[in-house]
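Enquirer: Please see the structure below; I have some questions.
The values are calculated or read from the model by the stated rules, or taken from the named source; none is laboratory data. Note that the structure is predicted; figures quoted are calculated from it, not measured. Positions of Cβ are generated from backbone atoms using ideal geometry, with glycine treated the same way; all protein chains shown enter the neighbour counts. Areas reflect the complete protein model, heavy atoms only, side chains present, ligands, DNA and RNA absent. Shrake-Rupley method; radii C 1.70, N 1.55, O 1.52, S 1.80 Å.
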Amino acid sequence: MTRHNADFDSPQVRKTIIRLALPMIAAQFINLLYSIVDRMFIGHIPSVGQSALTGVGLCFPIIQIAYAFNHLWGFNGGAPLSSIERGRGNREEAGMIQGNAFVMLILTGLIMTAVSLLFTAPILRLFGASDGTIGYASEYLRIYSLGFTFSLVATGMNAFINSQGFSRTGMMTVVIGAALNFALDPLFIFVFGWGVSGAAAATCISQAVSAIWVFLFLISKKPLIRIERRHLALDGKRVGKVAVLGLSGFTMGATNSAVQIVCNRMAFMYGGDLLVGAMTVINSVREIFSTPIGGLTSASSPVMSYNYGAKRYDRVTKASNFAILVSAAFSLVFTLAVELFPHLFVGIFTPDASLAEVTVRAMRIYFCLFLFMSLQQVAQSTFVALGKAANAIFFSLFRKIIIVVPLTILFPLFMGADGVVAAEPVSNLVGGLASFITMKIVTGREFRAAGSAR
């Protein structure tokens with residue numbers, strides 16, 4: 001290991017996680033600016049800001065599907081498997097996994113672009129677009145979809161940079177793109193007068209620059225595992241292993257998309273475009289405060305994977321426990337902030353008084369049990385880091401498909417508009433506790449058995 005990347009062999013597990021987590025959290029916050037800055041500027045476009053913001057929010061499900069593929073081939077699939085192989089000392093296999101993931105990210109991006117361009121209107125109607133918002137949504141999606149391949153490479157392959165301990169380099173990936181996006185957004189939206197199209201164009205250009213940065217680093221001499229030509233030959237068995245492990249993260253992202261579609265349709269049915277706009281703001285706030293937890297779990301995951309491959313199970317437990325403690329403390333502070341000062345968060349995205357009023361009420365319901373969501377995230381991360389795909393996939397489906405979707409449909413029958421958002425805290429409580437308890441039982445049993453066998 002060089003001084004530029006984290007030492008996964010160090011017995012100081014917490015120190016290693018913190019060293020990785022700080023730049024990762026900063027990077028994810030900056031990465032969040034891609035979409036958050038778009039929404040902030042769009043929401044303040046004179047006269048049409050509220051409708052434009054709602055229209056862009058309708059594009060969330062397909063953007064979430066793109067993020068889901070990042071988890072399939074990168075964060076939850078290829079990167080943990082590559083780390084496990086490095087822990088075992090098998091660097092060639094680690095490189096083959098990384099190269100195959102790179103190819104799959106490119107192919108997936110090209111397919112998503114083609115599908116989005118060919119079926120823009122039907123997709124957005126499915127997502128809940130009305131006659132008043134589909135114009136803005138179509139305008140944004142047609143341009144944004146041109147950058148799917150760049151987005152997948154930049155984000156998905158950045159997971160391999162972070163998993164090798166180069167979290168500062170990973171942070172620079174998103175710093176470069178986000179800074180460019182922040183500069184181009186007001187120029188394209190207001191100065192050039194491109195509106196929603198300008199926001200999408202700024203994002204595409206920024207993602208392309210980030211993707212080039214990632215690629216150049218991974219073919220250089222700096223990383224522990226480089227992208228080399230021989231690693232790019234696809235192997236069905238290897239791709240299948242990555243997909244099986246990554247399926248949990250993909251399922252979580254894809255089910256988020258499914259939930260958003262159902263939520264948008266129910267929101268429009270019980271509250272019209274105003275409630276759909278409120279959900280856009282709520283999802284934006286959730287992304288902001290899920291980011292530190294995501295950064296922490298992203299930092300702890302390669303530490304757990306590497307030490308699991310090296311059969312240092314005590315360090316795996318230390319890493320998981322530390323992630324749980326810190327993420328739970330943070331989510332509790334966030335919940336209190338949202339419940340006490342919701343207007344502060346809503347005001348970031350819209351000056352519209354009617355939209356703000358609806359959003360504040362919905363936000364307090366939506367986030368009241370956010371604490372338990374952090375338990376779900378750490379449990380999912382632990383299952384993925386240890387290669388336990390079946391457990392991770394089950395709990396992804398359990399919380400979203402078995403709990404959230406049915407309750408989002410049923411609750412409004414009795415609670416009206418409040419019922420659209422009430423399903424989320426119930427799923428956080430039940431899903432969070434179930435996945436956390438199961439993770440503790442499964443890992444505890446395995447580690448005790450391994451200790452007895454020595």
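Enquirer: Which one of these does PHE289 not meet: (1) in contact (Cβ under 8 Å) with a residue 60 or more places away in the chain; (2) closer than 20 Å to GLU85 by Cα; (3) open to solvent by 10 Å² or more (accessible area, probe 1.4 Å)?
Expert: It fails just one condition, (2).
Enquirer: Only one of SER305, SER301, SER320 is touching a Gly at 6+ places or on another chain (Cβ under 9 Å), buried (at least 24 other Cβ atoms within 10 Å of the Cβ) and either assigned to a helix (DSSP H, G or I) or of a type in the set (A, V, I, L, M) (or both). Can you tell me which?
Expert: One residue alone meets the criteria, SER305.
Enquirer: Do we find that SER396 is open to solvent by less than 30 Å² (accessible area, probe 1.4 Å), under 16 Å from GLN260 (Cβ atoms) and either of a type outside the set (Val, Ile, Thr) or without any contact (Cβ under 8 Å) to a residue 40 or more places away in the chain (or both) in this structure?
Expert: So SER396 fits the description; yes.
Enquirer: Sticking with this one: So which residues in the range 341-358 are among the small types (Gly, Ala, Ser) and either modelled with pLDDT of 90 or more or within 25 Å of the chain's Cα centre (by Cα) (or both)?
Expert: Within the range 341-358, GLY347 is the sole residue that qualifies.
Enquirer: Would it be correct to say that PHE160 is over 28 Å from ARG19 (Cβ atoms), crowded, with 24+ Cβ neighbours inside 10 Å and touching a residue at least 40 places away in the same chain (Cβ under 8 Å)?
Expert: Answer is no for this residue.
Enquirer: Now for a different question. Can you tell me which residues in the range 163-187 are assigned to a helix (DSSP H, G or I) and open to solvent by less than 20 Å² (accessible area, probe 1.4 Å)?
Expert: Answer for the range 163-187, where residues must be assigned to a helix (DSSP H, G or I) and open to solvent by less than 20 Å² (accessible area, probe 1.4 Å): SER163, SER167, GLY170, THR173, VAL174, GLY177, ALA178, ASN181, ASP185.
Enquirer: For the structure I just gave you, tell me whether GLU139 is assigned to a helix (DSSP H, G or I) and in contact with an Asp or Glu (Cβ under 8 Å, 6 or more places away or on another chain).
Expert: No, not satisfied.
Residue-wise test of (1) part of a helix (DSSP H, G or I); (2) open to solvent by less than 20 Å² (accessible area, probe 1.4 Å); (3) of a type in the set (Lys, Arg).
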site	(1), (2), (3)
PHE349	no, yes, no
ILE365	yes, no, no
ALA390	yes, no, no
VAL405	yes, no, no
SER427	yes, yes, no
VAL442	yes, no, no
ALA450	yes, no, no
